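The values are calculated or read from the model by the stated rules, or taken from the named source; none is laboratory data. Note that the coordinates shown come from a computational prediction; the quantities given were computed from them, not determined experimentally. Backbone-built Cβ (ideal geometry, glycine too); neighbour counts: all protein chains shown.
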Amino acid sequence: MASRTLATWMVCRYPSCMLAKPTIEDFARLLDWHLDKAAAAAEREFKAITTRRNAEGRYRSGGTVTEVFEAVHSEFDKGVHAALGELTRIASKTVLDRHHMRRLTEEGLRRFAERCKGATRPATLRTFAPAGPIDQRLAKFDTDLEHHLRQFDVGFLEVFEPEVPPIMSASIIAHNVSGVAIQQGTAHSTQHVAGEINIPQARLAIAAFEHALEDASTLAVDRNEINGDLNTIKAQLSKTSYSKAIVIEAGRSLRNLVEGAISNALMPPALANAAAALWKALGLG
């Protein structure tokens, strides 16, 4: 009773006090949350823009290229500022090694930049716009990141207070459930049906998928499009504590791309088999 009273008193009187010591791993997970959120928003922007412009009959145009890059770069800037803001905030509140946090932040931001470049689907955009301007826009992600990091290190970059990750999730992950309706009573409720992820099989399936992809010359134009999702899955499964939600979301996006190729009669049998093995390992069917 005494310890409970003391803990309650501490929380009430000092709401910001820490009852456990934060670790570098805690910081890394927090950083991943911000960058994954921004990258997912960038990927949604591409889908929203291309869907709308296709409906308007303006898809295959330079305007699509411009609008996609501007939207994705906007989300990229938000992610960079959120990550650097989190670095500033955590460095001021903990005794974690600043140099280690700075290194983790830069590494995470470089991976994030690659994911944002992939979110623009450059292989698709190159089919109806000159490659030169597209390559220049892709390079801008790297040059802007270098600029932001330098400005941050010398104290010239003012970063905003980052969004705090939600404590509770409004999502339900249903494992191996069929014929059952699941309903939540919130405006932002989401419903997912997924099986368990078999990590050893998933790693083997990814390797087989990549090998089959190399031999699929007819799908060369789609290679950059699927790399973003594939790299996200590989990065998550390489972690000691991965996010199943991120793996499932990237897996679904990858499957949509692959199934689109199948519908267009472009899928070689070897790649189709490797893809089916990957979906099964990821619990997607």
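Points worth noting:
- Taken over the range 49-71, residues that are in a helix (DSSP H, G or I), free of Cβ contacts under 8 Å to residues at least 12 places away in the same chain and not polar (S, T, N, Q) amount to 4.
- Test for ARG121: is it in contact with an Asp or Glu (Cβ under 7 Å, 6 or more places away or on another chain), in the same structural domain as ILE24 (by TED's automatic domain parsing) and basic (Lys, Arg): yes
- The combined condition, being touching a residue at least 12 places away in the same chain (Cβ under 8 Å) and farther than 26 Å from ARG29 by Cα, is not fulfilled by THR120.
- Qualifying positions in the range 65-74 - closer than 14 Å to ALA48 by Cα and surrounded by 18 or more Cβ atoms within 10 Å (Cβ to Cβ): VAL65, GLU67, VAL68, PHE69, ALA71, VAL72
- Condition check for ALA277: at pLDDT 85 or above, more than 19 Å from the chain's Cα centre (by Cα) and either assigned by TED's automatic domain parsing to the domain that holds ALA123 or not in a loop (DSSP other than H, G, I, E, B) (or both): yes
- Residue in the range 5-13 that is surrounded by fewer than 18 Cβ atoms within 10 Å (Cβ to Cβ) and either at pLDDT 50 or above or closer than 13 Å to GLY79 by Cβ (or both) present: no
- Identity of the residue in the range 87-120, crowded, with 19+ Cβ neighbours inside 10 Å and in contact with a Ser or Thr (Cβ under 8 Å, 6 or more places away or on another chain), that ends up farthest from LYS234 (Cα to Cα): LEU87
- Residue, farthest from ASP229 (Cα to Cα), within the range 63-105, restricted to residues that are acidic (Asp, Glu) and within 16 Å of the chain's Cα centre (by Cα): ASP77
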